[in-house]
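First the structure, in the form of structure tokens, and then the observations on it.
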Amino acid sequence: MPAETDPKNIVGSIIKASRLLDSFSAERREVSLGEFTRDTGYNKTTAYRLLQTLVTVGWLVRSASGGYRLGMPLLLLGAIARADLDLRNEALPFMQRLAHEFGDTSFLMVPGPHGAVTIEAVVGQNPVRVHGVTVGSVLPYHTAAAPIVLAAFSPEIQAAVLRADLAPFTSRTTTTAAELRARYDKVRKAGFAVSSEDFISDVAAVAAPVLDDSGVPLAALSLGGPAQRYAEPLLTEMVERVCEYAKVLSAHMSA
């Protein structure tokens, strides 16, 4: 447990229940009550009550033989985690090339319920860094190149954003639904987005979508850095390279 974690904020029963899940493995997909008690050291009453709770929420299911197997919600979470890991692994070489070639920071963002979630970043050699956007950062869908790309290629995200209040982050943030709808249309037709100082002052970015075989955006690959660098003729090179790598990555993820 991390030293900074306050014990008052820890729910002991959840920790106990999570230890039951450690009994599962690729070779051991069904576990009996007796095996749980041996693995954890819990008495049968405690183990049974925890197991029944996990069954109630769907995390575990009872088999015909009376043992316990992982339920669909946990299997779906595992699939999501594997997909994110596969996406990171596939994207990392392209991100490293972008950061090396242009010296700026390359980002990989995926759709989240409240915005684009940054799941990977590779920092280039330029002395100026994109402060405020790191792994775990969530960027709203009406600003910055990567979130704009994700929304432009997702009718569901786009519809939700256009109904919401659009908060300004800088004087260049698009804050009206009509202007944002026009921007999404332009980005979708072009296949990429360019942003300049609409989320963070003095920062610009280029982004392209990573699409599955049905055209649904899995992620956005982007490059961001000092706004003054994102001008011609370098800007055209950046757009071409980001689009090229995003297209190849889309093909890899759809294979």
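Any read-out appearing in this document is the output of simple, stated calculations on the displayed coordinates, not a laboratory observation. If you're wondering where the values come from, they're calculated on a predicted model, not measured in any experiment. Methodologically, a virtual Cβ is constructed for each residue, glycine included, from the backbone with ideal geometry; neighbour enumeration extends over all protein chains shown.
For this structure, a couple of remarks:
- Partner lysines for LYS189 [C-alpha distance under 29 Å; skip if fewer than 8 residues away on the same chain]: LYS247
- Computed over neighbours whose Cβ is under 13 Å from that of SER254, the net charge equals -3, Lys and Arg +1, Asp and Glu -1.
- Separation of the VAL123 and LYS186 label points, Cα + 7 Å toward Cβ, nm: 3.3
- Mean Kyte hydropathy of -1.0 or more with a Cα span along the axis of at least 24 Å, helices from DSSP in the chain: 72-102, 234-254
- Net +/- balance of residues flanking THR175 in space, Cβ distance below 11 Å, scoring K and R +1, D and E -1: -2
- If you sort the three axes of the alpha carbon gyration tensor as a ≥ b ≥ c, you get a/c under 1.5 for region 78-254, which makes it rounded.
- Positive minus negative residues near VAL61 (Lys, Arg vs Asp, Glu; Cβ under 12 Å): +2
- Per-residue ellipticity at 222 nm, computed for the chain from helices alone with -39500 (n - 2.57) per DSSP H run of at least four residues, works out to -14500 deg cm²/dmol.
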